[in-house]
Amino acid sequence: MATKIQDDQLVQLLEACLFASEKPLSQTELLETVLADFQLSKKRLQAALTRLEQDYQGRGIGLVETASGWQFQTKSEWSPYLARLWPERSPRYSRAVLETLALIAYRQPITRGEIEAVRGVSVSSQIMRTLLDRGWVKVVGHKEVPGRPGLYATTKEFLDYFGVKRLDQLPPLPELVPLGPLFNSISEHTVAMTEESQT
(Lines give C-alpha, C1' and ligand atoms only; values in the text may rest on other atoms or scores of the structure.)
Protein backbone atom coordinates (compact mmCIF):
# COMPACT_ATOMS: atom_id res chain seq x y z
CA MET A 1 0.00 0.00 0.00
CA ALA A 2 1.36 3.41 -0.97
CA THR A 3 2.42 5.76 1.79
CA LYS A 4 0.49 9.01 2.08
CA ILE A 5 2.23 12.37 2.04
CA GLN A 6 0.75 15.78 2.80
CA ASP A 7 1.18 18.64 0.33
CA ASP A 8 3.52 20.57 2.65
CA GLN A 9 5.65 17.47 3.18
CA LEU A 10 5.75 16.83 -0.56
CA VAL A 11 7.02 20.35 -1.23
CA GLN A 12 9.69 19.95 1.48
CA LEU A 13 10.80 16.59 0.09
CA LEU A 14 11.03 18.02 -3.43
CA GLU A 15 13.02 20.97 -2.12
CA ALA A 16 15.45 18.63 -0.35
CA CYS A 17 16.01 16.27 -3.26
CA LEU A 18 16.35 18.99 -5.89
CA PHE A 19 18.76 20.86 -3.64
CA ALA A 20 20.85 17.71 -3.13
CA SER A 21 20.81 16.56 -6.76
CA GLU A 22 23.84 17.27 -8.93
CA LYS A 23 21.71 17.34 -12.08
CA PRO A 24 18.21 18.35 -13.17
CA LEU A 25 15.52 15.81 -12.32
CA SER A 26 12.50 15.15 -14.53
CA GLN A 27 9.07 14.38 -13.15
CA THR A 28 9.52 10.76 -14.21
CA GLU A 29 12.85 10.51 -12.37
CA LEU A 30 11.29 12.05 -9.26
CA LEU A 31 8.34 9.66 -9.34
CA GLU A 32 10.60 6.62 -9.86
CA THR A 33 13.15 7.50 -7.17
CA VAL A 34 12.49 9.71 -4.13
CA LEU A 35 8.71 9.62 -4.61
CA ALA A 36 8.43 5.92 -5.42
CA ASP A 37 6.83 5.10 -2.04
CA PHE A 38 3.99 7.55 -2.62
CA GLN A 39 1.12 7.18 -5.04
CA LEU A 40 1.25 10.56 -6.74
CA SER A 41 -0.27 11.79 -9.97
CA LYS A 42 1.81 13.92 -12.31
CA LYS A 43 -0.80 16.64 -11.80
CA ARG A 44 -0.18 16.72 -8.05
CA LEU A 45 3.58 16.62 -8.56
CA GLN A 46 3.38 19.51 -11.04
CA ALA A 47 1.29 21.51 -8.54
CA ALA A 48 3.91 20.93 -5.84
CA LEU A 49 6.75 21.95 -8.18
CA THR A 50 4.86 25.10 -9.17
CA ARG A 51 4.32 25.96 -5.51
CA LEU A 52 8.01 25.44 -4.77
CA GLU A 53 8.93 27.57 -7.78
CA GLN A 54 6.71 30.36 -6.46
CA ASP A 55 8.17 30.04 -2.94
CA TYR A 56 11.60 30.91 -4.35
CA GLN A 57 10.57 33.99 -6.31
CA GLY A 58 12.39 37.10 -5.16
CA ARG A 59 15.27 35.12 -3.66
CA GLY A 60 18.92 34.64 -4.66
CA ILE A 61 18.19 31.23 -6.13
CA GLY A 62 15.23 29.94 -8.04
CA LEU A 63 13.71 26.67 -9.15
CA VAL A 64 13.72 26.40 -12.94
CA GLU A 65 12.64 23.77 -15.44
CA THR A 66 15.33 23.04 -17.99
CA ALA A 67 15.38 20.60 -20.90
CA SER A 68 16.33 17.68 -18.61
CA GLY A 69 14.12 18.52 -15.65
CA TRP A 70 13.92 20.70 -12.55
CA GLN A 71 16.86 22.21 -10.70
CA PHE A 72 17.82 25.10 -8.45
CA GLN A 73 19.90 27.84 -10.06
CA THR A 74 21.41 31.06 -8.84
CA LYS A 75 19.98 34.27 -10.27
CA SER A 76 22.07 35.61 -13.16
CA GLU A 77 22.43 39.09 -11.66
CA TRP A 78 24.67 37.64 -8.93
CA SER A 79 27.01 35.92 -11.39
CA PRO A 80 29.91 38.43 -11.16
CA TYR A 81 30.02 38.04 -7.39
CA LEU A 82 29.59 34.27 -7.28
CA ALA A 83 32.43 33.81 -9.78
CA ARG A 84 34.83 34.89 -7.03
CA LEU A 85 34.14 31.64 -5.20
CA TRP A 86 36.00 29.72 -7.93
CA PRO A 87 38.56 32.19 -9.31
CA GLU A 88 41.01 29.52 -10.41
CA ARG A 89 38.34 27.45 -12.14
CA SER A 90 36.33 30.10 -13.98
CA PRO A 91 36.32 29.13 -17.66
CA ARG A 92 37.43 31.63 -20.22
CA TYR A 93 35.98 30.98 -23.63
CA SER A 94 37.43 32.74 -26.64
CA ARG A 95 35.31 34.90 -28.90
CA ALA A 96 35.73 32.26 -31.61
CA VAL A 97 34.25 29.55 -29.35
CA LEU A 98 31.31 31.77 -28.39
CA GLU A 99 30.68 32.81 -32.00
CA THR A 100 30.67 29.18 -33.09
CA LEU A 101 28.33 28.19 -30.25
CA ALA A 102 25.97 31.06 -31.06
CA LEU A 103 25.80 30.09 -34.73
CA ILE A 104 25.06 26.48 -33.86
CA ALA A 105 22.39 27.50 -31.33
CA TYR A 106 20.58 29.89 -33.66
CA ARG A 107 21.06 28.20 -37.05
CA GLN A 108 21.06 24.51 -36.22
CA PRO A 109 21.52 22.09 -37.75
CA ILE A 110 24.58 23.63 -39.34
CA THR A 111 27.79 22.33 -40.87
CA ARG A 112 31.28 23.47 -40.00
CA GLY A 113 31.61 24.92 -43.51
CA GLU A 114 28.44 26.97 -43.05
CA ILE A 115 29.79 28.30 -39.74
CA GLU A 116 33.02 29.27 -41.49
CA ALA A 117 31.07 31.00 -44.27
CA VAL A 118 29.24 33.20 -41.75
CA ARG A 119 32.30 33.92 -39.58
CA GLY A 120 34.59 34.48 -42.56
CA VAL A 121 37.38 32.43 -40.96
CA SER A 122 38.07 28.75 -40.51
CA VAL A 123 36.80 26.95 -37.42
CA SER A 124 39.62 25.07 -35.74
CA SER A 125 39.26 21.47 -34.62
CA GLN A 126 40.03 22.66 -31.07
CA ILE A 127 36.96 24.92 -31.06
CA MET A 128 34.69 22.08 -32.10
CA ARG A 129 36.39 19.73 -29.63
CA THR A 130 35.78 22.23 -26.80
CA LEU A 131 32.06 22.41 -27.57
CA LEU A 132 31.76 18.64 -28.01
CA ASP A 133 33.69 17.93 -24.80
CA ARG A 134 31.46 20.30 -22.84
CA GLY A 135 28.51 18.32 -24.16
CA TRP A 136 26.93 21.49 -25.57
CA VAL A 137 26.84 20.34 -29.20
CA LYS A 138 26.65 17.05 -31.06
CA VAL A 139 26.55 15.73 -34.61
CA VAL A 140 22.91 15.01 -35.46
CA GLY A 141 23.35 13.87 -39.04
CA HIS A 142 25.15 14.55 -42.30
CA LYS A 143 24.30 16.97 -45.09
CA GLU A 144 23.61 15.30 -48.41
CA VAL A 145 26.32 17.12 -50.34
CA PRO A 146 29.76 15.95 -51.49
CA GLY A 147 31.80 14.88 -48.48
CA ARG A 148 28.62 14.54 -46.35
CA PRO A 149 29.76 17.03 -43.66
CA GLY A 150 28.43 16.62 -40.15
CA LEU A 151 25.45 18.68 -39.03
CA TYR A 152 25.88 20.21 -35.58
CA ALA A 153 23.11 21.01 -33.11
CA THR A 154 22.90 21.87 -29.43
CA THR A 155 22.12 19.34 -26.71
CA LYS A 156 19.95 19.14 -23.60
CA GLU A 157 23.11 19.86 -21.63
CA PHE A 158 23.43 23.18 -23.47
CA LEU A 159 19.84 24.10 -22.57
CA ASP A 160 20.34 22.97 -18.97
CA TYR A 161 23.51 25.00 -18.61
CA PHE A 162 21.86 28.18 -19.84
CA GLY A 163 18.77 27.52 -17.75
CA VAL A 164 16.17 27.13 -20.49
CA LYS A 165 13.82 24.33 -21.42
CA ARG A 166 13.55 25.00 -25.16
CA LEU A 167 15.55 26.79 -27.85
CA ASP A 168 12.82 29.39 -28.32
CA GLN A 169 13.54 30.60 -24.78
CA LEU A 170 17.01 31.81 -25.79
CA PRO A 171 17.34 35.59 -26.15
CA PRO A 172 16.04 36.74 -29.54
CA LEU A 173 18.70 37.34 -32.14
CA PRO A 174 18.10 40.59 -34.06
CA GLU A 175 18.35 40.13 -37.81
CA LEU A 176 21.33 41.63 -39.61
CA VAL A 177 22.91 42.71 -36.34
CA PRO A 178 26.39 41.63 -35.24
CA LEU A 179 26.31 38.70 -32.85
CA GLY A 180 28.27 40.60 -30.16
CA PRO A 181 25.34 41.04 -27.70
CA LEU A 182 24.69 37.31 -27.81
CA PHE A 183 28.34 36.55 -27.05
CA ASN A 184 28.10 38.87 -24.06
CA SER A 185 24.96 37.09 -22.88
CA ILE A 186 26.62 33.69 -23.20
CA SER A 187 29.73 35.01 -21.46
CA GLU A 188 27.67 36.24 -18.52
CA HIS A 189 26.07 32.82 -18.15
CA THR A 190 29.43 31.05 -18.23
CA VAL A 191 30.68 33.07 -15.27
CA ALA A 192 28.17 31.81 -12.71
CA MET A 193 29.03 28.15 -12.70
CA THR A 194 28.61 25.88 -9.75
CA GLU A 195 31.66 23.85 -8.83
CA GLU A 196 29.93 20.73 -10.11
CA SER A 197 29.19 22.20 -13.53
CA GLN A 198 32.79 23.28 -14.03
CA THR A 199 34.12 19.73 -13.92
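The values are calculated or read from the model by the stated rules, or taken from the named source; none is laboratory data. What you see is a predicted model, and the numbers here were worked out from it, not measured in a lab. Note that each Cβ is placed from the backbone with ideal geometry, even for glycine, and that neighbours are counted across all protein chains shown.
Picking from L63, L103, which residue would you name as being in the same structural domain as G150 (by TED's automatic domain parsing), at pLDDT 90 or above and crowded, with 18+ Cβ neighbours inside 10 Å?
L103
Any residue at all in the range 64-78 that's assigned to a helix (DSSP H, G or I), touching a residue at least 60 places away in the same chain (Cβ under 8 Å) and over 23 Å from L167 (Cβ atoms)?
There is at least one residue in the range 64-78 that is assigned to a helix (DSSP H, G or I), touching a residue at least 60 places away in the same chain (Cβ under 8 Å) and over 23 Å from L167 (Cβ atoms).
Are any residues in the range 14-43 in contact (Cβ under 8 Å) with a residue 12 or more places away in the chain and farther than 16 Å from G69 by Cα, and if so, which ones?
D37, F38, Q39, L40
Are any of the residues in the range 31-42 outside the structural domain of W136 (by TED's automatic domain parsing), touching a Phe, Trp or Tyr at 6+ places or on another chain (Cβ under 7 Å), of a type outside the set (K, R) and exposed (fewer than 13 other Cβ atoms within 10 Å of the Cβ)?
no
Residue-wise test of (1) surrounded by 19 or more Cβ atoms within 10 Å (Cβ to Cβ); (2) more than 19 Å from the chain's Cα centre (by Cα); (3) among the hydrophobic types (A, V, I, L, M, F, W, C); (4) assigned to a helix (DSSP H, G or I).
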site	(1), (2), (3), (4)
V121	no, yes, yes, no
G135	no, no, no, no
K138	no, no, no, no
R148	no, yes, no, no
F158	yes, no, yes, yes
V164	no, no, yes, no
D168	no, no, no, yes
P172	no, no, no, no
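Residue check, E144 against (1) charged (D, E, K, R); (2) touching an Asp or Glu at 6+ places or on another chain (Cβ under 9 Å); (3) not in a helix (DSSP H, G or I), all met but one. Which one?
So the condition that E144 fails would be (2).
Among residues belonging to the range 79-100 that are of a type in the set (D, E, K, R) and modelled with pLDDT of 85 or more, point out the one that is surrounded by the fewest Cβ atoms within 10 Å (Cβ to Cβ).
R95
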